Amino acid sequence: MLDTKNLERGDLASPTPTNISRRGFLLATAGVTAGALVLSVGLPAAPARAQQAGMAPGTRVPAFLEIRPDNTIRFLSPFNEGGQGIFTAMAQIVGEELDADPAAFLVENAPAGEDYKVMGAPFGRVTGGSMSVRSSFDVMRRLGALARQMLLQAAASRLEVPLGELATEPGQVVHAASGRKVSYGDLSETAMDLPVPDPDSVTLKKQEDFSWIGKPVARLDVRDKSTGRAVYAIDVKVDGMLHAAVQHAPRLGLTAGHIRNEDTVRGMTGVHSVHTLDGAVAVVAERWWNAKRAVEALQVEWSDPGAQGTDKRYMPADFSTAAFRERLANEPGEGKVAEEEGDAASVLQKAENVVEATYFSQFLHHAQLEPPSTVARFNDDGTLDIWLPNQAPEQFQANIAKVAGIEAAKVNVHSPILGGFFGRHFLYPEANPYPQAIKLARDVGRPVKVIWSREEEFLRDPMRPMAAVRMRASLDEQGMPQALDIVSACEGPTEAVFGHNPDKVDPTAVEGLTGKAYAIPNRRISQIYVKNHTTIAYWRSVGNSMNDFLYEAFLDELADKGNIDPLELRMRLLKGNQRLSTLLQHVVDLSGGWKRGPFDAEDGTKRARGIAMASPFGSHTAAIAEVSIREGQVVVHDIWESIDPGSIVNPAIIGAQINSAAALGTSQALLEDTVYEKGEPQARNYDLYPILRPDQMPRVHVGIVESGEKMGGIGEPGLPAVPPAITNAVSHLTGKRVRSMPLSKLTFDA
Amino acid sequence: MIVQDAKGSRHATTTSRPDFQIIAKTLDQAKHEELAMELTINDTSYEVQSDGETPLLWVIRDELGLTGTKFGCGLAQCGACSVLVDGVVTRSCVTPLASVVGGRITTIEAIEEDEIGKRVVEAWVDHQVPQCGYCQSGQVMAATSLLKENANPNDDEIAAAMTNLCRCGTYNAISAAIRDLAGETKEG
């Protein structure tokens, strides 16, 4: 039961708050009622103790672990939790070598700091690229083992016995000879003051001895997320905080001029002040609803200085996605080579049986459910505390310091769990609210929380790129592909965010067109760079999210042209590739055997199945989709998907991630398309930018193949094979070749 | 020069309206008035200062500090803001404060005080439903409302009632959890 007393207690009284998502039982012990804001004073996140110079990232044990007297283990994760299950995976990995039950862990995202750059160059630390577990697996295991060693040392002193006589059981050190046991919680105080041992001095467990790695351990955050206790950036509250809402310029590059009704708006209920920002106006108010209502009432004269010839993007008043698509399709040139094998050009020139087609991908929104927000608070000591959803704390810290004009060391970045991300929360020019929050907090002299309404978010959300891809291939007399020439006109997300290098192909523009395992002897894959007016971003599975659709759909077109069954064609092209042949067979078996159709289902619908593969982020996937047509629109009934990530940490989380990726892949294939006309997006909310609804969700059947190869990613790899599996099924069922998404823009008869 | 009235632009680009009924009881009286209104949330009475047109969501989140109920779209599209009003699921982002004065409001913070809500939470844990979790407060409220109305929903009834969006795609886990609860009721 809630009462106001508890609410007050939940408010922040502390001068140095740390925002923490805790689990239920800790809330109970802290005396904070569920629903009150969970903000703790927090023990020093980083490391007052055991300071040792020159330690490699991921080895300074006290910077990561705090074992409390009640034997709960607070772990500061280098990676942020946004639904992919990383906090649980980290607890499994560290707990395995520490010898502690993952269920005893309380995991939070670590602050910015050198200790947490555990991925090594060039990334240091980002939550992205499906890299968290695979990039840090050994480092995090070693960290757990080092902590265990320190606890053993502390126990040896405490019990006055040689270390060699000690062993551990989950959560405690055991001296078998005397029958004595000491809990980690009792030893922690002493243990964490010891110097961290040489990382090479500890031995890691053998795989066959694992207790938690490889097991379907329950997620640590599920109860908090089912009861409203989980705290996201948008929920953070600090003392004396004001709320701000913004109205962005309708087009990038415009600046706010005169506000016609500023005085009237200043007099509206709850309004504190009206502000002009870079490309936006803002209202600060005591409550966000008042700020939103007031900012939307502002009549702003936006001035259009035209393109400034700088790095900043400018959206012209006549821009439309339809025209841009045409431009990409007709962009002259052969592109810069990304992958080449044999001599595709001359084989194609001499070939008799040539297949040619242009395929398209569309702009997409991230559409994560939590709208972007930032809380900024300048402190009396010259430091800045800032809470914001982010996938890269050190990168944000550096940029925030620049924007605020203070040293990076004075910026305390707090990174609450993410209400979905899918690539949304990297540093993107024009697309993060923190510069607004910093300016407003400074101008009003109080902490400020900026929240972007859904409409303002869809106006500034950077998008998954659009590409037009010209495909040409030749078939030999048996119908097998002999040469493949692919030219993609596209701006990749990496060059869009970090700058285009005219001498290089952006690998994230072409991944999924490149790196395919099929034995086509002559290949030329290239990119023509075409700069966008829109902002461009990483989107779950990045280039693969579109390119595996483009490639695998064309491959089915080749199969049909060569009169070879599409499964048979893939099997032939993978001949001798044991790993992928096994995977392909695995998904076929999972689906009860290959049955392309069309066939009559029990419910009277006519159905067909499509198949596709992808090899993104170090993992490999194969998917089969079953579809029918209802009232001219595609229904996806089932998706069978098998993944080979090499080796695994949590099969239950893999199952959930394949479901999740299949949902997003289905959503892209069926529904999603960001359309601009006259320089403005036509959809500003979910009503006109529909995302997959529950009644559109296919059943998902997951297969896991643990080949024992090098560990690959999990969060993204499930997506890319799904759209082409769907469209290949639709092409076969309807006889109408699908070369673009979403399918909702096409009409089918069946 | 381009003059844009942001509100006008919203109307131009966002045409659909909420597809459920808003309970309108005392809206007219309370309109624009800054009078303290009494609101019953989770069996506790609160005097609130927000004006009567303020969406219930923002009263709950900003004025009362109950942040378990989420803002997702502001247009009754996603359902992240779902609460129970007199036991019926309601999208609080488009529900004016004045329309729920006198009603009995339940938010996610008190869901485990409700017998059915408690079982829904346990089913969510058993099925490991949440991923990012942001929509799950609303999903749990919607499931609780469904089971209050219909203790034994079939698949079509589950599909008709559970319309909240989830960008992580936890839909199959959600329906499996609810099917389990319906099964329980059958046996019990």
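The values are calculated or read from the model by the stated rules, or taken from the named source; none is laboratory data. Remember, it's a predicted structure, so these values are computed and weren't measured experimentally. Note: ideal-geometry Cβ built from the backbone for every residue, glycine included; neighbour counts use all protein chains shown. Surface accessibility is based on the protein's heavy atoms, side chains included, excluding ligands, DNA and RNA. Shrake-Rupley method; radii C 1.70, N 1.55, O 1.52, S 1.80 Å.
Compute the FRET efficiency between A:Lys595 and A:Lys561 as 1/(1 + (r/R0)^6), taking r as their Cβ-Cβ distance and R0 = 25 Å, and round to the nearest 0.05. That gives a FRET efficiency of 0.70. For the stretch A:722-739, the Karplus equation 6.51 cos²θ - 1.76 cosθ + 1.60, evaluated at θ = phi - 60°, returns couplings of 6, x, x, 4, 5, 5, 5, 5, 5, 4, 6, 5, 9, x, 10, 5, 8, 10 Hz by residue, with Gly and Pro reported as x. Cβ-Cβ distance of A:Arg572 and A:Lys736, R₀ of 30 Å, FRET efficiency by 1/(1 + (r/R0)^6): the value works out to about 0.70. Treating each Cα of chain A as an identical point scatterer and summing with the Debye formula, the log10 of I(q)/I(0) at q = 0.05, 0.10, 0.11 Å⁻¹ comes to -0.28, -1.07, -1.24. Counting only other chain Cβ atoms within 10 Å of each residue's Cβ, the peptide A:371-380 averages 1.
Only one residue of A:Pro651, A:His500, A:Ala662 has its Cα farthest out toward the positive end of the dipole of the protein assembly as shown, where Lys and Arg carry +1 and Asp and Glu -1 on Cβ, and that residue is A:His500. Interface B-A: total buried accessible area of about 6200 Å², 1.4 Å probe, protein heavy atoms only. Sorted on the mean count of surrounding Cβ atoms within 10 Å across their residues, most packed first, peptides A:639-648, B:100-109 read A:639-648, B:100-109. Between A:Asp381 and A:Asn501, the modelled label-to-label distance comes to 4.1 nm, taking each label 7 Å out from Cα in the direction of the beta carbon. With both labels modelled 7 Å from their Cα along Cα-to-Cβ, the B:Lys118 to A:Glu262 distance reads 5.7 nm.
Ranked from largest to smallest solvent-accessible area, with a 1.4 Å probe on the protein heavy atoms, A:His258, A:His365 come out as A:His258, A:His365. Sorting A:659-669, A:727-737, B:67-77, A:270-280 by their mean Cβ neighbour count within 10 Å, with the most densely packed peptide first, gives A:659-669, B:67-77, A:727-737, A:270-280.
Between the residues A:Leu194, A:Tyr116, A:Ser178, the greatest Cα displacement towards the positive end of the dipole of the stretch A:43-226, with unit charges on the Cβ of Lys, Arg, Asp and Glu, is found for A:Tyr116.
Residue by residue along A:619-629, Cβ atoms of other protein chains within 10 Å of the local Cβ number 0 on average.
Note that the stretch A:327-338 has calculated 3J(HN,Hα) couplings of 4, 4, 5, 10, 4, x, x, 9, x, 8, 6, 9 Hz, one per residue in order, obtained from phi through the Karplus relation 6.51 cos²θ - 1.76 cosθ + 1.60 (θ = phi - 60°); glycine and proline are x.
Only helices enter the 222 nm calculation for chain A: every DSSP H run of n ≥ 4 contributes -39,500 (n - 2.57), and dividing by all residues gives -8500 deg cm²/dmol, rounded to 500. Between the beta carbons of A:Asp70 and A:Asp343, assuming R0 = 56 Å, the FRET efficiency works out to 0.25 to the nearest 0.05.
The mean number of Cβ atoms from other chains found within 10 Å of a Cβ in peptide A:660-666 is 4, as a whole number. Taking amide H positions as modeled 1.01 Å from N, with prolines and chain starts lacking one, the residues under 5 Å from A:Ala249 and 5 or more places away or on another chain are A:Ala280, A:Val281.
Here the spin labels are modelled as points 7 Å beyond Cα on the Cα-Cβ line, and at B:Arg179 and A:Arg442 they lie 5.6 nm apart. In a fully extended conformation the segment linking A:Asp638 and A:Thr582 would gain 18.0 nm over its present Cα-Cα distance, using 0.36 nm per residue.
One quarter of the surface of the convex hull around the alpha-carbon atoms of the stretch A:43-226 equals 10.8 nm², the direction-averaged projected area.
Taking the Cα of A:Ser183, stepping 7 Å toward and past its beta carbon, and measuring to each backbone N in the stretch A:71-87: which are under 12 Å? Inside the label zone: A:71-73.
Taking 21 Å as the straight-line reach from the Cα of A:Lys561, the lysines in range (excluding those fewer than 8 positions away in the same chain) are A:Lys350, A:Lys516, A:Lys575, A:Lys595, A:Lys736.
Along the stretch B:134-139 the Karplus relation, 6.51 cos²θ - 1.76 cosθ + 1.60 evaluated at θ = phi - 60°, assigns HN-Hα couplings of 5, 8, 6, 4, x, 5 Hz to successive residues, with x for each Gly and Pro.
Multiplying the residue separation of A:Glu356 and A:Glu334 by 0.36 nm and removing their Cα-Cα distance gives an extension gain of 6.4 nm. Computed from point charges on the beta carbon alone (+1 for Lys and Arg, -1 for Asp and Glu), the dipole magnitude for chain A about its Cα centre is near 620 Debye. Stretching A:Asp318 away from A:Ala121 to a fully extended chain increases their span by 66.7 nm, per 0.36 nm per residue minus the current alpha-carbon distance.
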